[in-house]
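Contents: one structure, followed by commentary.
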Ligand code: NDP
């Protein structure tokens, strides 16, 4: 009988309609079985039961007026999951698929990810079912202002510091920051991912993608003696994480041949022209098939999931959850892929993860390999508190050190518990230990 089976069954009963949250909880609890065995004090203090329940979850109405003068109502969320080791920290996602279960899965993952960075940040996540696609700048601004009007009463620089995620980039963070400042009459580091003119950190934009490549490079070197040099790479997504993962992979000597958005994927055998992608996605905010206007010899295929049929050495899922399933994993392995590095949160389904590990593929779970974004957000908070700004090179060097340290910490934890090279188990255990010890020390807080 597993020691944590009962904990999972309680979550299953209570949150039966939240499949993504259940998936994330199951993976973590399965990894923590040997910890429950070795440290009975965690069980006795109810740490496992407490860690799977958010400290607080806030759901609110977000009314706003569109360009036609119509009143639209969206739903806003902020889940403040765990503050044992620092203020709640985690991004905001604006996407029509957003619901409480998705925000809870992301907030839960964030606890362990933030702990792994070694910085003092608790776990949280938020967002809205608002769809930014096709909205004018004015509509985006009015939505962000209405969203912040409510969120402002729940956050603060020492309480909860949100950031970006899917659908929330520098533009949205700017509108929300402006509204917070107006409501509170305070200029504080209340959000990260800010613009450089008002407290943002150099290298924050690049941090998640760059951090993913630093982490994966370290894992490939240690586990398989391989690297990005000369490798062919496929990356899903073409947003913030995907673009800067592609940029760093290219700098490290790889050729990126395919990228996607939710409409489909492009394949360019000559290697993706990242300037064209940035223009289409960051400036014009258009669909990825526009790439063919710049490179008519490339191809566009409708449907994003088939991107994993493109032959590659390294795959980096950087779009969304559960985008790489067992079939995709089998195709990747059959085509000679030797590493899968997650930039997105939980992009690989559990059966696909098992398959990749069984086949000896270097597999890096998102909660470790995409931690560069929040790590850099932590560095942004430090710069804001100190009222100074570090150079790009300084931040990038700190980011690289943090990513290599996360790899070592996760790898050592995996080894200690008899799961050598299993970074899923290693990241979950290493991330958990610090939070669990802090919770134990702080007692059962009422
Ligand atoms: P962006 O909004 O910048 O880009 C998201 C990309 O993924 C777009 O290309 C989008 O296509 C695609 N995408 C989104 N949803 C779906 C879907 N349901 N099916 C297929 N494609 C989809 O987001 P980010 O790059 O910031 O985030 C990507 C992933 O990385 C997310 O899982 C996020 O949680 C994770 N992450 C992000 C961090 C950050 O610092 N930004 C930090 C750590 C993790 P389209 O435009 O067509 O919707």
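Quick note: the coordinates plus some simple rules give every number you see, no bench work behind them. Note that the coordinates shown come from a computational prediction; the quantities given were computed from them, not determined experimentally. With ideal geometry, Cβ positions are generated from the backbone for all residues, glycine too; neighbour counts draw on all protein chains shown.
Normalised by the number of residues in the chain, the mean separation of alpha-carbon contacts (under 8 Å, six or more apart) gives a relative contact order of 15 percent.
Largest first and in whole Å, the equivalent-ellipsoid semi-axes of segment 293-342 read 20, 13, 11, each the square root of five times a Cα gyration tensor eigenvalue. Quick check: Cα centre of segment 75-93 to Cα centre of segment 192-243, how many Å? Between the Cα centres of segment 75-93 and segment 192-243 lies a distance of 23 Å.
As a proxy for reagent exposure, 390, 308 were ordered by neighbouring Cβ count within 10 angstrom, fewest first; the result is 390, 308.
The spacing between segment 315-355 and segment 148-176, judged by their C-alpha centroids, is 30 Å. Highest GNM mean-square fluctuation among 209, 126, 178, for the chain modelled with Cα contacts below 10 Å: 178. Summary of the geometry: segment 249-314 and segment 356-397, compared by the centres of their Cα atoms, lie 25 Å apart.
On a per residue basis, the convex hull of the C-alpha atoms belonging to the chain measures out at 139 Å³. The slack in the chain from residue 394 to residue 295, taken as 0.36 nm per residue of separation less the alpha-carbon distance, amounts to 32.0 nm. By the count of other C-beta atoms within 10 Å, a proxy for reagent exposure, 105, 112, 338 are ordered fewest to most as 338, 105, 112. Using a Gaussian network model of the chain in which every pair of alpha carbons under 10 angstrom is joined by a spring, one finds that among 11, 435, 28 the greatest mean-square fluctuation is at 11. Judged by the gyration tensor of its Cα atoms, with axes a ≥ b ≥ c, segment 357-446 is oblate; a/c meets the 1.5 cut and b/c is at least as large as a/b. Estimated purely from DSSP H runs of n ≥ 4, each contributing -39500 (n - 2.57), the mean residue ellipticity at 222 nm for the chain is -15000 deg cm²/dmol once divided by its residues. Taking 14 Å as the cut-off, the amide N atoms of segment 289-317 that come nearer than this to a point 7 Å along the Cα-to-beta-carbon line of residue 359 belong to 308-316.
Here the residues 194, 38, ranked from fewest to most Cβ neighbours within 10 Å of their Cβ, fall in the order 38, 194. Under a 10 Å cutoff between Cα atoms, tell me which one of 199, 123, 303 has the largest fluctuation in the Gaussian network model of the chain. Maximum fluctuation in the GNM of the chain, among the listed residues, is at 303.
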